[in-house]
Amino acid sequence: MSNFTDPLTGEDAVSDPYAPEVGGIETADAGQQGNDENAVNKTGTTTVGISTQEGVAVATDRRASLGGRFVSNKSVQKVEQIHPTAALTLVGSVGGAQSFIRTLRSESDLYEVREGEPMSIHALATLAGNFARGGPFFAINPILAGVDEEGSHVYSIDPAGGVMADDYTVTGSGMQLAYGTIEGQYDEEMSLAEARELAVRAVEAASERDTGSGNGATVATVTDEGVEIETFEDTADAAAE
Amino acid sequence: MQDQNQQAYDRGTSIFSPDGRLYQVEYAREAIKRGTASVGVRTGEGVALAADRQTRSPLIEEDSIEKLHRVDDHIAVASAGHVADARQLVEFARKQAQRNRLRYDEPVGVESLAKEVTDYIQQYTQSGGVRPFGVALAIGGVDPDGTPRLFETDPSGTPYEWKATAIGGNRETLQGHLEDNYRPEMDLDGGVGLALETLAESSDGLDAETVEVTTVDVESHRVRSLEPDEIAPHLDELEGTDE
């Protein structure tokens with residue numbers, strides 16, 4: 001609690017650095033942590049982000065499941081644009097992840113209109129970590145992929161708010177299978193097209209063996225020009241592009 | 001008749017007079033005019049802020065009179081008017097600057113911070129039971145991308161950006177001096193010189209011990225207070241030109 005209050009509203013004039021500016025933590029349902037685990041749609045998921053000098057390639061599967069045993073949706077778009085040159089993957093509880101994406105998108109837009117330029121990817125990752133740690137977005141583990149003046153970036157954001165930058169990263173239940181595909185194949189000098197194919201191959205491998213992943217792929221490429229998202233019913237088609 | 005009308009509308013800050021004025025805000029500007037001046041000059045190499053600490057008695061500790069304040073590594077503030085009001089705004093600015101670091105892990109931009117402060121000031125012109133801030137600030141600093149910036153805040157809560165400005169008493173004279181002598185190509189040392197020269201316009205004579213100078217340069221992005229032995233040569237130069 002700061003000593004500075006808005007004399008009109010009586011609210012804290014130095015607002016909480018860890019909370020969204022629009023739609024605070026209080027407005028979210030605090031009781032959702034106690035929801036029946038089996039009734040919550042989860043993505044299971046394999047999401048992959050690979051950074052190159054030209055930009056970042058992101059690939060995800062398209063499956064949502066209940067309790068990891070029933071496929072509740074076969075066409076979930078698990079990567080969304082949240083910033084002019086950044087995308088976030090949807091991993092964990094579907095409700096938590098969707099709300100997280102909407103919140104980050106509005107924060108990013110607010111920042112951009114106020115400052116006259118988009119947020120840096122590091123600032124966006126820090127904000128995402130703060131929200132994951134302090135916010136109502138339980139059980140999410142997304143990847144943030146973005147490009148700014150500093151270059152290409154891939155961050156993983158864990159449910160406790162841990163933010164880790166890497167050359168490539170994978171989150172979701174098919175993580176180990178996807179990592180197995182990427183290890184040894186990644187090269188700092190690889191082109192965006194090569195990274196895109198490797199990311200799809202990693203999702204494909206996970207889809208074969210992980211029950212929480214499957215039903216094709218969504219592929220996003222993030223460059224300094226913007227974010228492009230394509231959907232494929234079959235991972236083989238995605239790799240062939 | 002005029003007086004009677006004014007009486008009715010100058011008591012609450014949140015009440016307009018029939019001719020659309022907010023008397024309390026105008027009175028707050030008068031309070032600033034009673035304060036000693038501070039000067040800010042922006043150059044390509046950084047921003048210089050200067051203030052004269054007028055002492056009521058030789059027994060007062062000069063360092064206890066604060067007119068220049070560090071807000072963050074890369075932003076400083078000069079004040080004119082009510083010192084106690086200035087302190088509140090400076091503390092507010094400090095917290096906002098840290099909030100930005102916590103939220104984005106980045107230093108706050110000078111314009112963003114100036115607008116946070118002026119938005120806060122504005123709230124005190126639209127609420128009942130409060131009075132406006134009787135202080136003007138010159139907020140100087142270097143943006144994260146290396147651009148030097150200088151802003152002024154006013155009791156109405158309006159932000160203004162300047163190449164060089166004076167706040168406080170005798171403002172018109174000092175601003176005129178800046179307008180006549182400001183050169184966009186000058187270096188930071190030249191900016192310090194111009195700030196002191198301008199301050200001297202409204203003083204009987206500056207003393208290196210009582211005058212305060214702070215710079216924020218684009219190389220280091222750091223606020224630095226000049227020592228008296230760094231200020232003295234500038235003052236000697238001023239005396240040279242006077243004679």
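Taken together, the values in this text are just the output of simple stated rules run on the coordinates, not laboratory data. For clarity, every value in this text was computed on a predicted model and none was experimentally measured. Cβ placement follows ideal geometry from the backbone for every residue including glycine, while neighbour counts extend to all protein chains displayed.
Could you grab the Rg to Rh ratio for chain B? Cα atoms only, Kirkwood for Rh.
On the way: Rg = 18.3 Å, Rh = 18.4 Å.
Expressed as Rg/Rh, it is 0.99.
What spacing in nm lies between the two simple spin-label points modelled at B:THR147 and A:GLU188, each 7 Å away from Cα in the Cβ direction?
So the label points at B:THR147 and A:GLU188 sit 3.3 nm apart.
What is the angle, in °, between the Cα long axis of helix B:23-33 and the longest principal axis of the Cα atoms in chain B? Nearest 10 is fine, range 0 to 90.
20
Give the range of the longest stretch in chain A that excludes all trypsin sites (Lys or Arg not before Pro) found in loop regions by DSSP and having at most 14 other beta-carbon atoms within 10 Å.
For trypsin sites (Lys or Arg not before Pro) (loop position, at most 14 other Cβ atoms within 10 Å), the longest site-free span of chain A is A:75-241.
Can you tell me which of A:ALA217, A:ALA165, A:ALA123 moves the most in a GNM of chain A? Springs connect C-alpha atoms under 10 Å apart.
So, out of A:ALA217, A:ALA165, A:ALA123, the one fluctuating most is A:ALA123.
With each label point set 7 Å from Cα along the Cα-Cβ vector, what nm distance links A:THR211 and B:GLU209?
8.4
Assuming R0 = 30 Å, what is the FRET efficiency of A:VAL113 and A:ALA139, from their Cβ-Cβ distance, to the nearest 0.05?
E between A:VAL113 and A:ALA139, to the nearest 0.05, is 0.45.
Give me the extension gain from A:GLN77 to A:VAL22: residue separation times 0.36 nm, minus the current Cα-Cα distance, reported in nm with one decimal.
Gain in length upon complete extension: 17.3 nm.
Note down the relative contact order for the range B:23-242 as a percent, whole number, built from C-alpha pairs under 8 angstrom at least six residues apart.
31
Please state the shape class of the protein assembly as shown: rounded when a/c is under 1.5, otherwise prolate if a/b exceeds b/c and oblate if not, all from the C-alpha gyration tensor.
Note, shape of the protein assembly as shown comes out prolate.
Say we join alpha carbon atoms closer than 10 Å with springs in a Gaussian network model of chain B; which of B:SER38, B:SER57, B:SER112 then has the biggest fluctuation?
In this elastic network of chain B, the residue with the biggest mean-square fluctuation among B:SER38, B:SER57, B:SER112 is B:SER57.
Roughly speaking, what is the stretch gain from A:GLU230 to A:ASP158, that is 0.36 nm per residue apart minus the C-alpha to C-alpha distance, in nm to one decimal?
23.4 nm
What is the P(r) of the range A:41-240, as percent of Cα-Cα pairs per 10 Å bin from 0?
All Cα pairs, binned at 10 Å, distribute as 11, 40, 37, 11, 1 percent.
Between B:ILE15 and B:ASP189, how many nm apart are label points set 7 Å from Cα along the C-beta direction?
With each label placed 7 Å out from Cα toward Cβ, I get 5.8 nm.
Report the Rg/Rh value for the range A:38-116, based on alpha-carbon coordinates and the Kirkwood definition of Rh.
Here Rg/Rh amounts to 1.05.
Treating only the Cβ atoms of Lys and Arg (+1) and Asp and Glu (-1) as charged, compute the dipole magnitude of the protein assembly as shown about its Cα centre; round to the nearest 20 debye.
2420
Students often get this wrong: which residues of the range A:189-221 have the backbone nitrogen under 13 Å from the point 7 angstrom along Cα-to-C-beta of A:ASP237?
Taking a point 7 Å out along Cα→Cβ of A:ASP237, the residues of the range A:189-221 whose backbone N falls under 13 Å are A:215-219.
For chain A, calculate the relative contact order in percent as a whole number, restricting contacts to Cα pairs under 8 Å that are 6 or more residues apart.
Dividing the mean separation by the residue count of chain A yields 26 percent.
Using a Gaussian network model on chain B with a 10 Å cutoff between Cα atoms, which of B:GLU66, B:GLU26, B:GLU219 fluctuates the most?
Largest GNM mean-square fluctuation: B:GLU219.
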